[in-house]
Structures are given as structure tokens and as C-alpha cells.
Amino acid sequence: MARIIIRAMLRLVLDTNVVLDLFHWANTDAVPIMAALEAGQIECFADERTLDELQRVLTYPQLKMTPEMIVERYARYSCLVQVVPAGEAPPLPRCKDRDDQKFLELAARCEANILVSKDKALLRLRGRTKLGFQILKPEAASALLQS
């Protein structure tokens, strides 16, 4: 009799810097995440607040993006993610950087397995509290996807 192995698809939330690594900088640490996302091997989630932040950040002058590039990057990302409606998150630790709390809340609301971030304030929460998800740097998330 054949054994059937069912593997649940990993559910990720990407902070804005990681989205830039994927869709603008093509950072090598994030290439496996991008490949898995484009192949439909992982699910990524966003909400109105994280998409609003991305839209704002894409206009930063230091990124040197034309209006066409901004539209293209945003459209590419937004059609690969599932948008989660606003809602209440379970009780969570407070992130030192208030702007990053939305990523914790989103990860909890969508029952993500991993919040991928390079943000020091978010990374400091690893292991200090019981979250329903891991907080990993892009290279660690990529290594997990490749294993």
C-alpha cells in the first residue's frame, strides 16, 4: 500500500525590506523565497497596512525608481500575495518599533508559519516570547525552503 505524504504549504509574511529584496534589489539571500513564491510553493500574505507601507516606500528617492518601476514592482508583488482583511490579532508582544507591529499582527491573523524580516526590532522578539510563528532573516527562511 502506498503512503501518502501531505505537506502543508508554508505561510509567510514578508516585511517591506524583504519585499524590496525580492522585487527590487534581487538580493541573493531572498532568491529561493522569490522562486518558491512564483512557483506557488508558498503562500505569502499582506493586508492594507502592509501594502500601504510598500506603496509609500517604493516612492523613496533613494530607491531611484521611475513611476513605471513603482507600478510594476507593486503590481508584481500584489498579484502574488493573498490580501487578508483587517481584523483583531490575538495578544502579541509589543515591537519596539511601532511601525513593525503590523507585521506581527498580520502574521498572527493569517496564521503564518514564518515572518521574514531583517528588522532588528522584530528579530529581537525571536525566542523571547511564544508566538504562533517564527521570525527569520531571509537567508534562514531561504535555507528552510531549500531543505
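The values are calculated or read from the model by the stated rules, or taken from the named source; none is laboratory data. None of the values given here were measured: they were computed from a predicted structure. Don't worry about glycine lacking a Cβ; one is built from the backbone with ideal geometry, like all the others, and counts go over all protein chains shown.
Observations on the structure shown:
- In the set (1) out of contact with any Asp or Glu (no Cβ under 9 Å at 6 or more places or on another chain); (2) at pLDDT below 85, the condition left unmet by Leu136 is number (2).
- Looking across the range 109-138, the residues that are within 18 Å of Glu53 (Cβ to Cβ) and touching a residue at least 60 places away in the same chain (Cβ under 8 Å) come down to Arg109, Cys110, Ala112, Leu115, Val116, Ser117, Lys118, Asp119, Leu122, Pro138.
- Top-ranked residue in the range 13-72 [being outside any helix (DSSP H, G or I) and β-branched (Val, Ile, Thr); ranked as surrounded by the most Cβ atoms within 10 Å (Cβ to Cβ)]: Val13
- Residue in the range 103-115 that is acidic (Asp, Glu) and crowded, with 18+ Cβ neighbours inside 10 Å present: yes
- Selection status of Glu139, more than 23 Å from Trp25 (Cβ to Cβ) and of a type in the set (Asp, Glu): no
- Residue satisfying all of: in the range 116-130; in contact with a strand residue (DSSP E or B) (Cβ under 8 Å, 6 or more places away or on another chain) and surrounded by 16 or more Cβ atoms within 10 Å (Cβ to Cβ); modelled with the lowest pLDDT among these: Leu125
- Counted residues, the range 97-129 - those being among the acidic types (Asp, Glu) and in a helix (DSSP H, G or I): 3
- Tabulated pairs, the range 92-108, first of a type in the set (Phe, Trp, Tyr), second modelled with pLDDT under 80 and buried (at least 18 other Cβ atoms within 10 Å of the Cβ), C-beta under 9 angstrom, 6+ apart or interchain: Phe103/Cys95
- Residue, modelled with the highest pLDDT, within the range 36-53, restricted to residues that are charged (D, E, K, R) and under 10 Å from Leu80 (Cα atoms): Glu43
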